[in-house]
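These notes concern the structure reproduced below.
The values are calculated or read from the model by the stated rules, or taken from the named source; none is laboratory data. Only a predicted model underlies this, so the values are computations on that prediction, with no experimental measurement involved. No Cβ is skipped: glycine too gets one built from the backbone with ideal geometry, and neighbour counts run over all protein chains shown.
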């Protein structure tokens, strides 16, 4: 008997089981949603870095999540002159 291996057949999207297609879509959707969340959080961090006086406001915790505040403080501490955009 010969040990000849056959090349794998290319995968055709149209031949995939519908359940597999749904899973692929669900994963893409979850990744998209998480990426959107991270983008929003990043914008909040940038906002605080651009207006660091907001960090002195006692109500800043009502407007921004604690992790966003912490990251903005960290980034600002790396550059004592603030961030210049």
- Query: How many of the residues in region 24-60 are at pLDDT below 90 and either under 20 Å from residue 74 (Cβ atoms) or surrounded by 11 or more Cβ atoms within 10 Å (Cβ to Cβ) (or both)?
  - Reply: 1
- Message: Looking for something in a helix (DSSP H, G or I) and surrounded by 10 or more Cβ atoms within 10 Å (Cβ to Cβ) - is there at least one such residue anywhere in region 75-82?
- Response: yes
- Query: Residue check: is residue 72 free of Cβ contacts under 8 Å to residues at least 60 places away in the same chain, surrounded by 11 or more Cβ atoms within 10 Å (Cβ to Cβ) and under 30 Å from residue 11 (Cα atoms)?
  - Reply: no
- Task: Evaluate the following for residue 9: is it part of a helix (DSSP H, G or I) and either without any contact (Cβ under 8 Å) to a residue 24 or more places away in the chain or surrounded by 11 or more Cβ atoms within 10 Å (Cβ to Cβ) (or both)?
- Result: no
- Query: Quick one: in region 12-22, which of the residues that are exposed (fewer than 12 other Cβ atoms within 10 Å of the Cβ) and assigned to a helix (DSSP H, G or I) is farthest from the chain's Cα centre (by Cα)?
  - Reply: 15
- Message: Please verify whether residue 55 is within 22 Å of the chain's Cα centre (by Cα) and in a helix (DSSP H, G or I), treating the condition exactly as stated.
- Response: no
- Message: So, residue 34, is that one in a helix (DSSP H, G or I) and touching a residue at least 12 places away in the same chain (Cβ under 8 Å) or not?
- Response: no
